[in-house]
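All remarks here apply to the structure that follows.
The values are calculated or read from the model by the stated rules, or taken from the named source; none is laboratory data. Everything numeric here is computed off the predicted structure, so don't read it as measured data. As a convention, Cβ positions derive from the backbone with ideal geometry for all residues, glycine included, and neighbour counts pool all protein chains shown. Ligands, DNA and RNA are excluded from the accessible area calculation, which covers all protein heavy atoms including side chains. Shrake-Rupley method; radii C 1.70, N 1.55, O 1.52, S 1.80 Å.
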Amino acid sequence: MTRDGDIQHGDIAYNGLFRLVQMWRYSEPHLRYLFATMGGMLSQRNALDDALNAVGDNVHEEMMRGHGMPSSAFGEALHDVLDRQAAAVFGAGIYAGSLMLMLSTVLLRLKDDIQGKEQWTTVRPFFNGHSVGAIIEAGANGFRHADEWAKTRPPTTQQKRSQDIIEAALYGRPPPDDSSPGACVELLAVLGGGTFEGLASNVFAFAHNLATEARAKVP
């Protein structure tokens, strides 16, 4: 039996992967939905950039025609676009953070099942020197505790550890959006290369390597 009362199949490494696959089977459609909806929100934000530019162009044309300052209709159009853009950015952060929390839950249970704490940060794939598990855990911490992180100056040792992993994983990329708690939108782009399949492939590669290394350590 496992420590949480489930039936154990094989050794701890086999059982840990078995339970991970079972959880993935049930959650994969929902994880895929979160990823796709996050992408939809990002596409909507980009499309609204064009709408915002169009509002500005219209204002410029009116002023060039000698009509003076733009009417209130332009202000209303501007606020409408900005509100919709903010909603899209906020939505992308919510879907990305929810996905990161689920991935963290799946992988942390595997780590506990196979007693893989020592191998958590040392197995491939790596992104700028950090493992998939460490990056997902850090992003999930950032999303879950976003309000605490924003209020704590300087950060606690635990917060700083996660923040350093996030910063390192995103090295060489544009700074994360302020509306992306835990930089989950940006981290998922790193881990998946822009596709859910890429994300899943790296998650399973990490899980397999973690279980293999943990099994090798069993006396």
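If I take R0 = 41 Å and measure r between the Cβ atoms of R161 and A36 in this structure, what FRET efficiency does the formula 1/(1 + (r/R0)^6) give, to the nearest 0.05?
Values: r = 31 Å, r/R0 = 0.76.
Between R161 and A36 the formula returns 0.85.
Here T105 and R153 are evaluated by their C-beta separation; at R0 = 22 Å the FRET efficiency comes out at 0.15.
Expressed as a whole percentage, what fraction of the accessible surface of the chain belongs to carbon and sulfur atoms when a 1.4 Å probe is rolled over the protein heavy atoms?
Values: 6890 of 12270 Å².
C and S atoms contribute 56 percent here.
Using a probe of 1.4 Å, the accessible surface attributed to L42 totals some 40 Å² when neighbouring protein chains are kept in position. Looking at the stretch 79-160, the GluC sites (Glu not before Pro) that sit in a DSSP loop and have at most 12 other Cβ atoms within 10 Å of their own Cβ are E118. Rolling a 1.4 Å probe over the protein chains gives K160 an accessible area of about 90 Å². Solvent-accessible area of E28, all protein chains in place: 40 Å² (probe radius 1.4 Å, heavy atoms, ligands and nucleic acids excluded).
Rounded to whole Å and ordered largest first, report the semi-axes of the equivalent ellipsoid of the chain derived from its Cα gyration tensor (root of 5λ).
Values: eigenvalues 380, 62, 39 Å².
Rounded to whole Å, the semi-axes are 44, 18, 14.
With all pairs of different alpha carbon atoms counted, what Kirkwood hydrodynamic radius in Å does the stretch 88-183 show?
On the way: mean 1/r = 0.0721 Å⁻¹.
Across the stretch 88-183, the inverse of the average 1/r is 13.9 Å.
The Rg/Rh ratio for the stretch 147-219, using Cα coordinates for both the radius of gyration and the Kirkwood hydrodynamic radius, is 1.08.
Kindly state, to the nearest 0.05, the FRET efficiency for A168 paired with H79, given R0 = 41 Å and r defined as their beta-carbon distance. In this case the efficiency is close to 0.60.
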